[in-house]
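The values are calculated or read from the model by the stated rules, or taken from the named source; none is laboratory data. Bear in mind the structure is a predicted one, so any value in this text is a computation, not a measurement. Using ideal geometry, Cβ is built from the backbone for each residue, glycine included, and neighbour counts are taken over all protein chains shown. Side chains included, ligands, DNA and RNA excluded: accessible areas come from the protein's heavy atoms. Shrake-Rupley method; radii C 1.70, N 1.55, O 1.52, S 1.80 Å.
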Amino acid sequence: MAAILEFDESTANSIANALGTNTFLFTDASQIPGHMASTGDPLVIIGPSVDQAVAERVTTAANLANPTGGVVWLRRRVDTTVVLEALRAGASDVIGDSDLPALVAAANRVAEKATLHATNASPDGAKRGATVTSIYAPKGGCGKTSIAANLAVLLSGEMHARVCLLDLDLESGDIQLIMSLPPGRCVLDLQYVADSLDATALASVMLPHSSGTYVLAAPQRPEQAAGITPGLIARIVSVASQMFDHVIIDCPPYATEHVLAVLDVTDHLALICTPDAASVKNTAISLELLSELRFAGSVDLIVNRAGERVGISATDIAEALDHPVTCEIPHSVDMPLATNSARLLSVSHPQHAISMAIRGYATFISPVPSGAQTATVPAQQTTSKRRRLFSRRVATT
Ligand SMILES: Nc1ncnc2c1ncn2[C@@H]1O[C@H](COP(=O)(O)OP(=O)(O)O)[C@@H](O)[C@H]1O
Ligand SMILES: [Mg+2]
């Protein structure tokens, strides 16, 4: 099966004849991602009449819609520049428009790759939506953004998952900065297409990071956040869920309407707590709110800056909150040092204790084929000493 994007009918027919398989001819580029997502068609042929900019856009969108497939470009002229541009755009091959045997060979390579992937896929073959993980703390400076960014690049770079990272800190988001991505496209570009938002529109505003993660950046200025409705955010997460294996959401430090909108579809809420009394108190309130909201997902308590000698341990936090700790991320100045040098610790130092801890959480939230999910991170069951820490240190009411 193949989708052909070509405006000249006779060229399109020659391509279809050469492929000798079920082909779908398109003259509207925006229909291709939907076709791939709904049919599982792995192959897109971009004909010679399609101009370069459209070819690049379709290639990005097609790769997002079906990353196990491939996009083959047919060009009137193939030289080093064209090949480099095609590969940079994510094409699997670029071939001269008269070299139909080479086209068939390229199509076969894509089909083999897709078959190989299908063989290794889940036995039921069912297409799952993304796992949505929201990183939240009711207080700024707890490490949400650092954890979200490192988690996303570990999932995409090392674990080869398709990952979208959404910066939901709409007024002061800094994902773009800490991932050293160029300013420009952001969620604001989607404010007028909310109802018609589809994979192509979403792909066109996301920023690709070298790890493979696609980032949807927050607006550049706080006053621009007013243009983003909770409905738009819900729609973005819904579309992204069909395009990616993981949607990671870096939340603001308040339970805004936008946060409530994503909670509805969140599978894992990574609730970040640091070993200080104020953070523990606010985390307790968040747990109460989540319970009142009947949040149906998994609440994963993450203790960041664990091990700091400040008189509160991860065990104290688990006991005080009466909630098990899913992951302990140690304190280390290497984290801000990496960020301040425009690096992500999990990329520059993959064996660092912080990287290892976040990798453990990445494994925890990744669905495993056997069905038996095991946390590889230090996890503790609490006793019934609920709020012991509070009675000892802080008043919660
Ligand atoms: N485990 C850690 N050890 C040391 N510093 C950390 C750790 N996690 C985060 N930080 C630092 O804390 C500061 C705030 O982190 P950030 O991710 O921006 O928090 P938030 O998004 O919750 O406001 C940054 O300077 C970051 O490098
Ligand atoms: Mg932040």
- Query: Tilt of helix 277-292 relative to the longest C-alpha principal axis of the chain, in degrees (0 to 90, nearest 10)?
  - Reply: 60 degrees
- Query: Distance from the Cα centre of region 192-212 to that of region 1-20, in angstrom?
  - Reply: 28 Å
- Task: Could you tell me which of ASN108, SER210, ALA89 has its Cα farthest along the dipole of region 81-221 towards the positive end, charges placed at Cβ (Lys, Arg +1; Asp, Glu -1), taken about the Cα centre?
- Result: SER210
- Given a cut-off of under 8 Å on Cα pairs at least six residues apart, what relative contact order in percent is computed for region 98-234? 24 percent
- Among region 325-351, those whose backbone N falls under 16 Å of a label point 7 Å along Cα→Cβ from ARG309 are 331-333
- Query: When DSSP assigns beta bridges and you keep just the ones with both residues in the chain, what percent turn out antiparallel, to the nearest 5?
  - Reply: 5 percent
- Query: Distance in nm between label sites at ARG77 and ASP51, each 7 Å beyond Cα in the beta-carbon direction?
  - Reply: 1.7 nm
- Quote the relative contact order of region 131-393 in percent (integer), defining contacts as alpha-carbon pairs under 8 Å separated by 6+ residues. 24 percent
- Item | ³J(HN,Hα), Karplus 6.51/-1.76/1.60, whole Hz, each residue of region 163-173, x for Gly, Pro | 10, 10, 10, 9, 8, 9, 7, 5, 8, 8, x
- Got a number for the accessible area of SER210? Probe 1.4 Å, square angstrom, nearest 10. 120 Å²
- Note on the structure: With only helices counted (DSSP H, runs n ≥ 4, each -39500 (n - 2.57)), the per-residue ellipticity at 222 nm for the chain, to the nearest 500, works out to -12000 deg cm²/dmol
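Between TYR192 and LEU260, what length in nm is gained on full extension when 0.36 nm per residue of separation is reduced by their alpha carbon distance? List each step's numbers first, then the result.
Details: separation 68, 0.36 × 68 = 24.48 nm, distance 2.16 nm.
Taking TYR192 through LEU260 to full extension adds about 22.3 nm, to one decimal.
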- Message: With a 1.4 Å probe and all protein chains left in place, how much of the accessible area of region 1-76 comes from carbon and sulfur atoms, in whole percent?
- Response: 46 percent
- Query: Could you give the angle, 0 to 90 degrees to the nearest 10, between helix 353-365's Cα long axis and the longest principal axis of the Cα atoms of the chain?
  - Reply: 70 degrees
- Task: Starting from the amide H of ILE4, placed 1.01 Å from N in the peptide plane, find each other amide H under 5 Å away whose residue is 5 or more places distant or on another chain.
- Result: PHE24, LEU25, PHE26, ILE45
- Task: Skip the ligands, DNA and RNA, and give the accessible area per residue of the chain with a 1.4 Å probe, whole Å².
- Result: 45 Å²
- Message: Please list, in order, the residues from region 73-104 whose amide nitrogen is less than 15 Å from a point placed 7 Å along the Cα→Cβ vector of SER10.
- Response: 98
- Task: Choose one of VAL163, LEU287, TYR192: the residue whose Cα lies farthest towards the positive end of the charge dipole of the chain (beta-carbon charges +1 Lys, Arg; -1 Asp, Glu; about the Cα centre).
- Result: LEU287
- Task: Can you work out the PRE-style zone for LEU177? Point 7 Å along Cα to Cβ, and I want the residues of region 325-360 with backbone N under 19 Å.
- Result: 334-345
